[in-house]
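Quick notes on the structure that follows.
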Amino acid sequence: MIQVDGLTKDYGPRRAIDNLSFHAEKGEILGFLGPNGAGKTTTMRILTGYMPPSSGKAMVAGYDVVDQSLEVRRRVGYLPETVPLYPDMTVYDYLKFMADLRHLPSAEERVDEALEMVHMEDRADGYIANLSKGMRQRVGLAQALLHSPEVLILDEPTIGLDPAQILDVRNLIRGLAGERTVLLSTHILSEAQQLCNRVLIINKGRIVAEDSPAQLQARLSGAQRVSVTVGGDGDGLVNLVASISGVAGVLSAKGNSLEIETVPGLDVRASVARAIVEAGYDLLELRNIGMSLEDIFIELTRESPAAPEMAESEDLESFEE
Ligand SMILES: Nc1ncnc2c1ncn2[C@@H]1O[C@H](COP(=O)(O)OP(=O)(O)O)[C@@H](O)[C@H]1O
Ligand SMILES: [Mg+2]
């Protein structure tokens, strides 16, 4: 269980996270989705008791991360962005070393169990130096699991892995959830969709949206952008296109090409093509533009007064994508 209220962290004059509040329940995989620099790692370091916040409060597994950081660390498994592994140790020796460092009783058993959880029993005697990146990530997961933590905090667990290794690590994580609370960060939208029950979108240190994966999908597919290019100088094109039924608005116009946004769920390409040709323009190009994660971030962080309220999931229908 994770409960965060108004968490803020400043690095000198720089505010890395700004008044974050969220919670995660037992059995849940909560996704922390955001671009580089969003504040994911900062938040995770605070939640694991490695660094105090500048203000705000966080409870993890029932303990305060500042006042009871030792209790927190006993109950949290942490896979940092880069796991400090020792290449000239064997997998087994490394895990045993980590278990002893944490003063775990019956360390050998704990190591065997952790190896089993990440399906590496047969690699125990191999040297870390000889492991693939995916295997090393599994060792990282194993060290996070040594003390059977009730909360798992995984910082971009699939970063730098090849596609097969990514699938492998994702499957492992799915299997680990169960009775635990998992907080996982990623900058990959599809990863958040596949792994998480709930996703917080974080940008520039703030939570800009909270969604179920299904709602995220709706944001991606619900609305459409269409790019239009005509011959000539395109005089009068903006007014013409804006008046077509199903066109929600013109996003940008540059001479003879423009980008339009459609009412969610409508394919306006045929009517746009017809109207343009009937008005006497030569239609050079007309195509759908998919929404990228970056587009969503821009949309979610747009501060124009015309933008719809972003934080409420109920407002999805009115999302301009
Ligand atoms: N130790 C640090 N000192 C100063 N600024 C930092 C430090 N760590 C992170 N930052 C800044 O804080 C912001 C959030 O970083 P981070 O939490 O690493 O984001 P993310 O993990 O989402 O990429 C960034 O602007 C980053 O440059
Ligand atoms: Mg990070």
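The values are calculated or read from the model by the stated rules, or taken from the named source; none is laboratory data. Quantities reported herein were computed from a predicted structural model and do not represent experimental measurements. Here the Cβ positions follow ideal geometry from the backbone for every residue, glycine too, while neighbour counts run over all protein chains shown.
Annotations for the structure displayed:
- Qualifying residues in region 192-203 (those that are surrounded by fewer than 23 Cβ atoms within 10 Å (Cβ to Cβ) and modelled with pLDDT under 90) - the one nearest to ligand 2 (Cβ to nearest atom): Asn203
- Against the list (1) modelled with pLDDT of 95 or more; (2) surrounded by fewer than 22 Cβ atoms within 10 Å (Cβ to Cβ); (3) within 16 Å of the chain's Cα centre (by Cα); (4) within 12 Å of ligand 1 (Cβ to nearest atom), the condition Gly37 fails is (1).
- Matching residues in region 77-106 - criterion: being outside any helix (DSSP H, G or I) and either more than 24 Å from Val182 (Cα to Cα) or free of Cβ contacts under 8 Å to residues at least 24 places away in the same chain (or both): Thr82, Pro84, Tyr86, Pro87, Asp88, Met89, Thr90, His103, Pro105, Ser106
- The criterion of being within 16 Å of ligand 2 (Cβ to nearest atom), under 20 Å from Lys9 (Cα atoms) and not in a helix (DSSP H, G or I) does not hold for Ile46.
- Scan of region 227-248 for residues that are modelled with pLDDT of 90 or more and part of a strand (DSSP E or B), ordered by number: Ser227, Val228, Thr229, Val230, Val247
- Tyr92 being within 16 Å of ligand 1 (Cβ to nearest atom) and hydroxyl-bearing (Ser, Thr, Tyr): no
- In region 3-17, residue surrounded by the most Cβ atoms within 10 Å (Cβ to Cβ) [restricted to those that are under 18 Å from the mean Cα position of the chain (by Cα) and within 16 Å of ligand 2 (Cβ to nearest atom)]: Ile17
- Test result for Gly27, outside any strand (DSSP E or B), more than 13 Å from the chain's Cα centre (by Cα), over 21 Å from Cys196 (Cα atoms) and more than 7 Å from ligand 1 (Cβ to nearest atom): no
- Neighbours by Cβ (under 9 Å, 6+ apart or cross-chain): first from region 27-52, closer than 16 Å to Pro149 by Cα; second of a type in the set (Phe, Trp, Tyr) and near ligand 1 (Cβ under 10 Å from one of its atoms): Met44/Phe32
- Tyr127 satisfies every condition listed in (1) in contact with an Asp or Glu (Cβ under 9 Å, 6 or more places away or on another chain); (2) within 16 Å of ligand 1 (Cβ to nearest atom); (3) within 29 Å of Asp88 (Cα to Cα) except (2).
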